[in-house]
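The values are calculated or read from the model by the stated rules, or taken from the named source; none is laboratory data. Everything numeric here is computed off the predicted structure, so don't read it as measured data. Using ideal geometry, Cβ is built from the backbone for each residue, glycine included, and neighbour counts are taken over all protein chains shown.
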Amino acid sequence: MRPLYFFLTFILIHTISTAQVANLVFIGSVSVNDGRNYPYKLYVTDSEDIVTGYSVTDILGADETKTYIRGKIDRKSKQLTFKETHIQQTKSKIPVGDFCFIHARLKTGSMQGATTLKGNFTGYKPDGKTECGKGKIILVCAQDALARLMKIAEKEGMARPGDTTESALPSMDADNDVPESSVRKIEPGETIILKCPDKDVTVEIWDAKTLDGDRVTLFSGENKLLSGYMITNEHKRLQVQMGDEKSVRLRLVADTEGSLPVNTARIKIASRDKSYYIDASTIIGKDVNIILERK
C-alpha cells in the first residue's frame with residue numbers, strides 16, 4: 001500500500017474569538033491511526049469566519065507538497081472545520097490520485113502558554129467520497145512557541161555580576177546589528193544594480209531575523225555558489241570572481257520559507273571600499289536578482 005500524505009490547516013485562537021482578518025502560522029503533526037506521523041507547516045488567512053490558505057507537508061523532504069485549504073470558524077464553540085481542496089505543487093512522485101486529503105474539526109486549547117488546536121480527521125481521495133485514512137491532529141501556534149523560546153533565551157542570557165559567560169559577551173559579528181536605515185530592500189522578484197569596481201567581490205549571506213529553517217540557492221551567472229543552503233545567523237562568506245566581465249548577475253532562489261512565511265535572507269556585498277547590505281527576503285517562485293557592475 002502506498003504511503004498516505006495528508007494536508008491540513010489550522011488557525012490562531014485569537015481569530016476564533018474575533019472577526020479580524022489575519023494571516024497566521026501554526027506548526028504541528030498529523031498522527032495516522034496506523035502509527036505514522038507527519039510534520040506540517042501551514043499558512044492561513046481568516047476573514048469573516050471563512051478560512052483560506054495552504055499547507056506544506058514533508059518540509060525539506062523528497063515529498064514536500066503545498067496544498068490549498070478552505071474552511072469555516074464556529075466562534076461560539078471555538079472550533080475550526082476545514083478540508084483540503086487541491087495540490088498547488090509537489091516534489092512527490094506519487095500519483096495525484098493516491099493522495100489523501102484531510103477533512104477535520106479542531107478545537108482550541110492551551111499547552112504551556114501556547115495556543116493549540118486538537119481534533120480528529122478523516123482522509124478522502126480527490127473524489128471527496130472515498131475514505132483513505134483516519135487519525136488525530138495536534139497543532140501549536142508558531143508565534144506563541146517562538147515568543148516563549150525568546151523569553152527563555154533572554155532569561156538564560158542574564159549573567160550575574162562578576163560572571164563571564166558566552167551569552168553575556170557582545171556579538172562577535174557586528175554586521176548582525178546593522179541599522180535598518182543602512183539596508184537596501186529588494187522586493188521578491190525584483191532586481192537591484194550595485195557598483196562594484198573590483199574584479200573580486202566578497203558576498204556574505206545569513207538570516208538576520210528569526211531562524212526558522214530557510215534554505216536558499218545562490219547563482220553567479222549560471223554557476224551555483226550555494227545549493228539548498230540553510231541560512232543561520234552565522235555569515236556564509238563567498239568570493240565572486242568578476243574577471244573581465246562588465247557585470248555579473250547574482251540570483252537568489254528561495255528553496256523553502258522555513259517555519260515562518262517569507263525567506264528572510266540578508267546579504268552583504270563588499271568591493272574595494274564599498275559595502276552594501278541588502279534585505280533579500282523572498283518567497284518561493286520569486287527570485288531576487290543583484291547585478292554587480294564594474295563601472
Tell me, which strands (runs of 3 or more DSSP E) lie completely within region 24-125 with 3 or more residues that are charged (D, E, K, R) and outside the structural domain of Ile283 (by TED's automatic domain parsing)?
65-74
Based on what the data block shows, is Arg251 surrounded by fewer than 14 Cβ atoms within 10 Å (Cβ to Cβ), basic (Lys, Arg) and either part of a strand (DSSP E or B) or in contact with an Asp or Glu (Cβ under 8 Å, 6 or more places away or on another chain) (or both)?
no
Subset of region 234-248 [more than 16 Å from Asp200 (Cα to Cα) and exposed (fewer than 14 other Cβ atoms within 10 Å of the Cβ)]:
Glu234
Region 224-246, residues that are part of a strand (DSSP E or B) and closer than 17 Å to Val288 by Cβ
Lys224, Leu225, Leu226, Ser227, Gly228, Tyr229, Lys236, Leu238, Val240
In region 88-95, is there at least one residue being touching a Ser or Thr at 6+ places or on another chain (Cβ under 7 Å), surrounded by 18 or more Cβ atoms within 10 Å (Cβ to Cβ) and at pLDDT below 85?
no
Which pairs turn up if I take residues in region 91-111 that are among the charged types (D, E, K, R) and look for partners that are in a loop (DSSP other than H, G, I, E, B) with beta carbon separation below 7 Å, at least 6 apart in sequence or on another chain?
Lys91/Ala62; Lys91/Asp63; Lys91/Glu64; Asp98/Arg2; Lys107/Lys78
Which strands (runs of 3 or more DSSP E) sit wholly inside region 159-222 and have at least 3 residues that are exposed (fewer than 15 other Cβ atoms within 10 Å of the Cβ) and modelled with pLDDT of 85 or more?
191-195
